[in-house]
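Chemist: Got a structure for you, written out below as structure tokens; questions coming shortly.
The values are calculated or read from the model by the stated rules, or taken from the named source; none is laboratory data. All values reported here derive from a predicted model rather than from experimental measurement. Every residue, glycine among them, receives a Cβ derived from its backbone with ideal geometry; neighbour counts consider all protein chains shown.
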Amino acid sequence: TAAPAPRAPEPSRPAPRSSNLSTLSAGVKYEGNISGAGELQVDGSLKGDVRVSRVVIGEGGSVEGTVHADVLDVRGRVSGAIVAKQVKLYATARVEGDITQEQLAIDQGAWFQGRCNQAKRDTPGAAMLEAPKPDKADKTETKSPA
């Protein structure tokens, strides 16, 4: 029976892959900004801005603040702006705020209130917003009859 005991740590070897994983456990409330490399799992309540490579917000988790990430999976709540390369809103997600992303996936049942902007490195967002300005052209037309 002593032989299986040393083998028990072997399945936990995948855990070092997640050694950069930080977890805000359920029931824990935290106020302040979080930044750094690695991953963040939010199952509790966070008030502050997050800037991490990968963020997973669990079903019971909530973030009130701006979330910057390469990859963001939302199963819980976000109240604030999201800026990420890949965003996935699962069916249990509730997001209130604008999303700027390269890729966005929204499962049926997810709740989202805000605007989403497709962001690419080469495309300045301001130029796209200035495109629908034909009103000034209409004003120049009114000058021609005068």
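Chemist: Does Arg121 meet the test of being modelled with pLDDT of 95 or more and not hydroxyl-bearing (Ser, Thr, Tyr)?
Modeler: Judged against the criteria, Arg121 is not a match.
Chemist: Report, by residue number, each residue of region 1-25 that is over 20 Å from Gly58 (Cβ atoms), of a type outside the set (Val, Ile, Thr) and either at pLDDT 90 or above or in a loop (DSSP other than H, G, I, E, B) (or both).
Modeler: The answer is Ala2, Ala3, Ala8, Pro9, Arg13.
Chemist: Ok, one more. Would you say Val74 is crowded, with 19+ Cβ neighbours inside 10 Å, modelled with pLDDT of 95 or more, of a type in the set (A, V, I, L, M) and within 14 Å of Gly48 (Cβ to Cβ)?
Modeler: Answer is no for this residue.
Chemist: While we're on this one: Does Gln108 qualify as being out of contact with any Asp or Glu (no Cβ under 9 Å at 6 or more places or on another chain) and more than 24 Å from Ser25 (Cβ to Cβ)?
Modeler: Yes, satisfied.
Each row is one residue, and each column tells you yes or no for (1) of a type in the set (Val, Ile, Thr); (2) loosely packed, with under 15 Cβ neighbours inside 10 Å; (3) in a loop (DSSP other than H, G, I, E, B).
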| residue | (1), (2), (3) |
| --- | --- |
| Gly27 | no, yes, yes |
| Glu39 | no, no, no |
| Val52 | yes, no, no |
| Val56 | yes, no, no |
| Gly60 | no, no, yes |
| Val63 | yes, no, no |
